[in-house]
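Taking it in order: structure first as structure tokens, then the write-up.
The values are calculated or read from the model by the stated rules, or taken from the named source; none is laboratory data. Bear in mind that the values here come from a model prediction, so they are computed numbers and not experimental data. Heads up, the Cβs are rebuilt from the backbone with ideal geometry, glycines too, and the neighbour counts pull from every protein chain shown. Protein only, heavy atoms only, side chains kept; ligands, DNA and RNA dropped before computing areas. Shrake-Rupley method; radii C 1.70, N 1.55, O 1.52, S 1.80 Å.
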Amino acid sequence: MNFSLFKSLTRRTFSICLHTKNSTAASNVTSKTKSFHTTAERKDLMEFFDIKKNWNETNIKVGRAWRLDELRIKSNTDLHKLWYVLLKERNMLYTMEHECNENVRLFPNPERIDKVQDSMNNIETVVRERNIAYYKLETGETGERPADDVVNAFGLKEKYQQKEYYLPKFINTRWVRPYLEHGYINSVAVKKFLRLYNEKKHNEVRKARNRNYNHVQQLLKRFPNMDMGVLTAEYPDVDIEKAKRTRKARGHYFPKY
């Protein structure tokens with residue numbers, strides 16, 4: 001009887017020691033696992049500001065924007081990481097620009113914002129190219145939202161991407177009546193706007209053509225022996241033969257042409 005009691009006590013003591021040892025080992029593994037991490041160090045709101053050594057600088061050396069050919073060779077995971085790096089950089093630059101404006105100071109190297117935005121636009125272009133290639137391979141279509149050529153309220157043509165509405169077009173009276181039935185896009189005001197708009201565009205083209213024509217005359221006057229093939233390729237909208245015969249193209253010599 002005493003031997004059986006001693007045996008049961010020994011077994012219970014051994015089980016308690018084994019349980020304590022396992023729990024201690026598990027806690028050590030957990031503590032070691034928690035001490036190892038791969039995430040970046042958190043700096044709270046200071047991530048919205050530049051490093052302190054650049055606060056009083058007037059010229060900060062920066063690189064160029066990411067190019068399309070450089071982004072095309074990267075994986076989707078790298079593009080995803082790079083996108084968030086650029087996003088944090090853009091937020092930081094916006095914060096520093098606002099802080100400089102509040103303190104009536106010049107924001108150093110404001111072209112950094114443009115470079116970051118160009119890089120983000122190039123990433124979107126690469127991702128869009130990959131999506132189009134994937135959908136064309138799988139379904140034979142681009143997978144993008146279809147777009148139609150429509151006429152806006154000003155009578156100008158524009159691209160409109162289709163999307164779903166809870167009302168069909170012919171039932172939506174708030175759109176049909178002013179836009180189609182009552183001729184809103186064919187009204188007198190819209191026609192007048194289109195006439196003035198087309199006149200403005202025509203004058204811009206005419207003035208640009210006249211500037212090029214006068215510039216070619218001055219080039220012929222200063223450099224009579226220049227290559228006419230290069231001049232024609234540089235100014236294709238200018239009649240070079242006509243410009244040769246003008247008085248503005250002649251210098252104080254007899255032209256060879």
Exercise for review: Filter the range 119-150 for residues that are surrounded by 14 or more Cβ atoms within 10 Å (Cβ to Cβ) and touching a residue at least 40 places away in the same chain (Cβ under 8 Å) and give the result.
Suggested key: Ser119, Asn122, Ile123, Val126, Val127
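Can you confirm whether Arg206 is basic (Lys, Arg) and more than 30 Å from Phe154 (Cα to Cα)?
Details: basic (Lys, Arg): yes; more than 30 Å from Phe154 (Cα to Cα): no.
Taking the combined requirement at face value, the residue does not satisfy it.
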Point to revise | In the range 90-141, the residues that are small (Gly, Ala, Ser) and modelled with pLDDT under 90 | key: Gly140
Review point. What number of residues within the range 58-112 are open to solvent by less than 60 Å² (accessible area, probe 1.4 Å), more than 16 Å from Glu47 (Cβ to Cβ) and among the hydroxyl-bearing types (Ser, Thr, Tyr)?
Key: 1
